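What follows is a set of notes on a single structure, which appears directly below.
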Amino acid sequence: MELILRQDVQNLGFKDDVVTVKNGYGRNFLIPQGHAHLATSSAKKVLAENLKQRAHKEAKVVADANALAETLKAIEIKITAKAGGEKLFGSITNIDIADALAKGGQVIDRKFITSGIVKRTGKYAASVRLHRDVIIELPYEIVAE
């Protein structure tokens, strides 16, 4: 079943991508939830026209994302957490990294940050998706309180 995505779907594709999925996934989840619609020939033509018109606006968005990436690389992130020796009491997730970035002046939605769950002090790197074409590695350090 071919579908056109109306919004980004994790592990499947980005908005306005034409994807092929199994019938049940499309009929029972993606279409009823409003994440996608059927990719008929007329819908594909409309999509192609919309993408063509949006192409030069997209170049400005990518340039803004690259500028934001440069400012994010300049920020040094240190997250303090309670720890017993090297092991943390609790864990550090993408929510904590988003909060640290917000304190540094850059608000990034936590769903665009991929870091995994960290349970020890040390230096780590998180992946931040600013745009579908702009993904950066953001180093951060966890120190004991």
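Between Ala126 and Leu138, Tyr140, the built amide H atoms are under 5 Å apart, and every one of these is 5 or more places off in sequence or on another chain. Relative to the longest principal axis of the C-alpha atoms of the chain, give the angle of the C-alpha long axis of helix 94-103, reported between 0 and 90° and rounded to the nearest 10°. Tilt of helix 94-103: around 70 degrees.
Shown is the FRET efficiency for Lys57 and Gln10, computed with R0 = 25 Å from the Cβ-Cβ distance and rounded to the nearest 0.05: 0.55.
How fast does the stretch 62-142 diffuse by Stokes-Einstein, in µm²/s, taking the Kirkwood radius from C-alpha pairs at 20 °C and 1.002 mPa s?
Numbers: Rh = 13.0 Å.
Result for D is 165 µm²/s.
Grab the Cα-Cα distance for Glu2 and Glu141, subtract it from 0.36 nm times how many residues apart they are, and report the gain in nm with one decimal. Could you put the intermediate results ahead of the total?
Working: separation 139, 0.36 × 139 = 50.04 nm, distance 4.34 nm.
Residue separation times 0.36 nm, minus the Cα-Cα distance, leaves 45.7 nm.
Amide H contacts of Asp17 (H built 1.01 Å from N, in plane; Pro and chain starts excluded): Leu5 sit under 5 Å, all sequence-distant by 5 or more or on other chains.
Couplings 3J(HN,Hα) for the stretch 132-145, derived from phi with the Karplus relation 6.51 cos²θ - 1.76 cosθ + 1.60 (θ = phi - 60°), are 4, 9, 10, 10, 10, 9, 10, x, 8, 10, 10, 10, 6, 6 Hz, where x marks Gly and Pro.
Relative to the Cα centre, what is the charge dipole magnitude of the chain, using +1 at the beta carbon of each Lys and Arg, -1 at the beta carbon of each Asp and Glu, and rounding to the nearest 20 debye?
Roughly 360 debye, rounded to the nearest 20.
The spread of Cα positions in the stretch 1-61, taken along each principal axis and listed from longest to shortest, comes to 37, 25, 16 Å. Its DSSP H runs of at least 4 residues, each contributing -39,500 (n - 2.57), put the calculated 222 nm mean residue ellipticity of the chain at -10500 deg cm²/dmol, to the nearest 500.
Shape descriptor for the chain: Rg over Rh equals 1.10 (Cα atoms; Rh from the Kirkwood inverse mean 1/r). DSSP beta bridges confined to the chain are antiparallel in about 80 percent of cases. Here the chain has 51 percent of its accessible surface on carbon and sulfur atoms, given a 1.4 Å probe and all protein chains in place.
Think of a 1.4 Å ball rolled over the protein heavy atoms: the stretch 65-145 then has 60 Å² of accessible area per residue.
Between Leu88 and Arg120, Thr121, the built amide H atoms are under 5 Å apart, and every one of these is 5 or more places off in sequence or on another chain. Selection among Ala74, Ala126, Ala144 by position relative to the dipole of the chain gives Ala126 as farthest towards the positive end (Cβ unit charges, Cα centre).
The values are calculated or read from the model by the stated rules, or taken from the named source; none is laboratory data. If you're wondering where the values come from, they're calculated on a predicted model, not measured in any experiment. Positions of Cβ are generated from backbone atoms using ideal geometry, with glycine treated the same way; all protein chains shown enter the neighbour counts. The accessibility values were calculated without ligands, DNA or RNA, using every heavy atom of the protein model including side chains. Shrake-Rupley method; radii C 1.70, N 1.55, O 1.52, S 1.80 Å.
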